[in-house]
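Accompanying notes for the structure given below.
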Amino acid sequence: MTDEYLLRMQGIDKIFPGVHALDHVDLNVRAGTVHSLMGENGAGKSTLMKVLIGMYTPDDGTIVFDGREVQINDTATGLGLGISMIHQELSPVPEMTVAENIWLGREPKGALGLISRRAMNTATQELFDKWEIRISPTKLMKDLSIAQTQMVEIAKAISFDSKLIIMDEPTSAITETEVAHLHRMIDQLRSTGTAIIYITHKMDEVFKISDDITVFRDGKHVATLPASELDRDKLITLMVGRELTQMFPKLEAEIGEVILSVEHLNRGHLVRDVSFALRRGEILGFAGLMGAGRTEVLETLFGVHKADSGTITINGAPVTISQPKDAIAANMALLTEDRKLTGIMGVLSVRDNMIMAALPKYSPNGFLNRRRIEADCQAQREALALKTPSLNQLIQNLSGGNQQKVLISRWLLTLPDILMIDEPTRGIDVGAKSEIHRLMSMLAQQGKAIIMVSSEMPEVLGMSDRVVVMHEGTVSGIVERADATQERIMQLATGPDATAA
Ligand SMILES: Nc1ncnc2c1ncn2[C@@H]1O[C@H](COP(=O)(O)OP(=O)(O)OP(=O)(O)O)[C@@H](O)[C@H]1O
Ligand SMILES: [Mg+2]
């Protein structure tokens, strides 16, 4: 008899100090299907996948893959069996080319057994052609945007011709166009018999692509059902263990005077003649396709890159911002989209990561006010429902979504006047997402001004008072909340030519 299941994980248990990450869970995946693994931040999804690919050794449980019981003690074994994974936290080698990164450790060899750069580039180009990915194989990884890095990572996982591909939040760093692209790739893989385990916090995606859905909560298996038997509300209820009646609505805030005005800002080719004003109490959304220059605008305003030209005025006075220090002094804060490179200090505790940017505030007379630090950090921990055994935990041991929450806390604790957030709820579960939206709304009500770059249309439409739409480094339009529709924004995002027609 043939097994309809390609993968059977049974009774998998994994304990970390202070955390029962997986409590005897099962996961059965059929060949040629997309199986979504859902659950709140810290539910154990990534941990189970790391067990499956041999990165973690389980404390208990069995794995049957392709008809026989297997011991997967290292990642090479996992790959050898035909299991590859796109990791939630990307870790490309920045100095390598795209091609080198893809074939790392299994480089195509030439006649003399030497690594053939040409063969490698050709193989990459063939792979990219097949999957319609437009990135040059010879580009350096460090010159790619986060979204391009993600696409390379996806291509790499596919290049192993695996029987099972795990995708741990593959779409958290890409925009709707690339999401659609990835979904087409997934359809094609599924039709040739490949199984996909898919992890995401984006509800609409789940129902678009899943055959089966498994839900975890607090390290436990809650349910496995065909996607056709679930809807959004049922799924959320299974995930959070209670009914979550509605997403948090944006609060009305009084819009005050202009706090930040940007005129004719230029920086390289991704920031071209950008002008806009930001007012107190306002949430200004930034929409656009991948590579439109939104992140670069924020980074230039924050002094990560020096502007080539243009003026920045804060509270009516022109300011010079040539490094982040200047921006912080001007009461600005920037939450970056790439938490691994610019955000998280992995070997420091959750507490240290939280207070890092607000340190001066906590040592007014040279002494650290530990009582206030403790109180403020605990308050943040509760407000954002942070899942960690203690504030002393190393941040690198937190789940992806919980790391993001710590970074949000870090900037909230600096009490900035101007808060710039790049993809605020990337990788954040449904419950915490509405919590973060509530916090943003409250800050606006307190007279703070917020710039929010987001690739999630519902977030842009739901949270913004006005939307700045960017296209190839320029502002292609600024849309009032009342006029902001998905169509209008997509039109502007695809360029002024499309709108004129
Ligand atoms: N290396 C580790 N050391 C200690 N604790 C860990 C480690 N890896 C994960 N954990 C803990 O195990 C639990 C499950 O984490 P996991 O990363 O599997 O969650 P997740 O479901 O993938 O969440 P997210 O949606 O946020 O990515 C969390 O409480 C996390 O803090
Ligand atoms: Mg995870």
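Every read-out reported here was derived from the displayed coordinates using simple, explicitly stated rules and does not represent laboratory data. These numbers were taken from a predicted model, which means no experiment stands behind them. Every residue, glycine as well, gets a Cβ built from its backbone with ideal geometry; the counts of neighbours run over all protein chains shown.
How much length, in nm to one decimal, is gained on full extension between Y362 and L90, taken as 0.36 nm per residue of separation minus their Cα-Cα distance?
Using 0.36 nm per residue and subtracting the Cα-Cα distance, I get 94.6 nm.
Check the straight Cα-Cα distances from K208 and name the lysines below 18 Å, setting aside those fewer than 8 residues away within the same chain.
K234
Hey, rough spin-label estimate for S116 and V347, points 7 angstrom out along Cα→Cβ, what's it come to in nanometres?
Output for this residue pair reads 4.2 nm.
Relative contact order for the chain: what is it in percent, counting Cα pairs under 8 Å that are at least 6 residues apart?
Once divided by the residue count of the chain, the mean separation gives 16 percent.
Highest first, please rank the peptides 361-369, 290-298, 486-494 by the mean number of other Cβ atoms sitting within 10 Å of their residues.
Top to bottom by mean Cβ count within 10 Å: 290-298, 486-494, 361-369.
Considering only DSSP states other than H, G, I, E and B, which GluC sites (Glu not before Pro) in segment 60-104 qualify as loop sites with at most 12 other Cβ atoms within 10 Å?
Of the GluC sites (Glu not before Pro), the ones in loops of segment 60-104 whose Cβ has at most 12 other Cβ atoms within 10 Å are E95.
Just want to confirm a number: the relative contact order over segment 214-331, from Cα pairs under 8 angstrom separated by 6+ residues, in percent.
Relative contact order for segment 214-331 comes out at 20 percent.
Which order do peptides 472-479, 105-112, 345-352 fall in by mean Cβ count within 10 Å, highest first?
The densest-packed peptide leads the list: 472-479, 345-352, 105-112.
May I ask what percent, to the nearest 5, of DSSP beta bridges between residues of the chain are antiparallel?
55 percent
Can you tell me which lysines have their Cα less than 16 Å from the Cα of K405? Leave out same-chain residues fewer than eight positions away.
Reachable lysines: K340, K387, K433.
Between segment 270-344 and segment 84-112, how many Å separate their Cα centres?
Here the two parts' Cα centres lie 33 Å apart.
GluC sites (Glu not before Pro) within segment 158-208: which are DSSP loop residues with at most 11 other Cβ atoms inside 10 Å?
none
Under the rule of -39500 (n - 2.57) per DSSP H run of 4 or more residues, summed and divided by the residues of the chain, what mean residue ellipticity at 222 nm is obtained, to the nearest 500 deg cm²/dmol?
The per-residue figure over the chain is -9500 deg cm²/dmol.
Looking at segment 157-227, send over the antiparallel percent of its DSSP beta bridges, to the nearest 5.
In segment 157-227, approximately 55 percent of DSSP beta bridges are antiparallel ones.
Would you tally the net charge around Q188, using a Cβ to Cβ cut-off of less than 11 Å, leaving Q188 out, and scoring K and R as +1, D and E as -1?
Summing Lys and Arg as +1 and Asp and Glu as -1 gives +1.
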